Amino acid sequence: MSEKMEWKKDLKNLYLPPANPVTVDVPPMNFLMLDGHGDPNQSAHYQAVIEGLFSLAYTIKFAIKKAEGSDYAVYPAEGLWWVEDMHDFSTEHKENWDWTMMIAQPQQVTAEWVESSRKLALKKKGLAVLEQIRFEAFTEGCSAQLMHTGPYSAEGPNIARLHAYIAALGGRTDGLKHHEIYLGDVRKTAPDKLKTVIRQPYRK
């Protein structure tokens with residue numbers, strides 16, 4: 001059996017940044033994705049989306065392991081967040097947010113694996129949201145990011161630091177979505193221990 005792929009080891013530059021802003025060139029990657037709108041803390045749809053994404057991601061992982069003998073760690077949940085005019089984007093008004101939740105997939109995951117696993121997951125879980133999940137390539141390229149430790153509600157100052165860092169580099173973020181990667185399980189981790197990658201793509 002081949003060595004288990006671990007995103008924490010193989011993609012440290014993308015998923016484990018330091019607490020201070022750094023630049024990173026994010027390569028094209030494939031994701032399971034699903035969209036929504038509004039405050040995730042008040043949305044039953046958001047919770048269903050997270051459950052559906054992880055259900056499908058784990059079904060794919062175990063199907064590949066059974067068929068090919070290769071194994072990998074399931075990637076963390078990620079979110080793209082935006083409003084119609086990003087100048088109005090605010091962590092204080094989450095009810096206005098549009099969002100895409102997603103989970104990255106390793107290279108061996110193909111559209112065929114996604115579809116066959118979707119059928120298996122539907123039989124086992126019966127989650128209607130599984131039918132809406134898409135498999136899609138996503139490219140960010142030039143970005144800045146940092147590690148936020150603490151509750152999601154306290155991200156504001158770190159988001160401001162990140163944007164100031166980008167401005168100092170002469171970068172522009174117009175029209176580009178705010179990106180977060182959730183490394184902690186909110187159900188099991190104290191709010192002050194949660195780790196979140198805050199990423200912002202920018203144009204030079």
Next on the checklist: Using helices alone, I'd like the mean residue ellipticity at 222 nm for the chain: each DSSP H run of four-plus residues gives -39500 (n - 2.57), total over residue count, nearest 500.
Outcome noted: -9500 deg cm²/dmol
Checklist entry - So for the chain, taking the charge dipole from beta-carbon charges (+1 Lys/Arg, -1 Asp/Glu), which of Ala121, Ser143, Asn20 sits furthest toward the positive end? => result Ala121
Checklist entry - Going by how many other beta carbons lie within 10 Å of each one, how would you line up Met5, Met102, fewest first? => result Met5, Met102
Checklist outcome for this item: Counted neighbours (other Cβ, 10 Å), sorted fewest up, put His163, His178, His37 in the order His37, His163, His178
Checklist entry - Extension gain Asp25-Lys195, at 0.36 nm per residue separation less the Cα-Cα distance, in nm? => result 59.1 nm
Checklist outcome for this item: From fewest to most C-beta neighbours within 10 Å, the residues Trp99, Trp113 line up as Trp113, Trp99
Checklist outcome for this item: Simple spin-label estimate for Asp10/Lys125, 7 Å along Cα→Cβ, in nm, reads 2.2
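Values in this text are rule-based calculations from the coordinates and carry no lab data. Computed from a predicted structure; not experimentally measured. Heads up, the Cβs are rebuilt from the backbone with ideal geometry, glycines too, and the neighbour counts pull from every protein chain shown.
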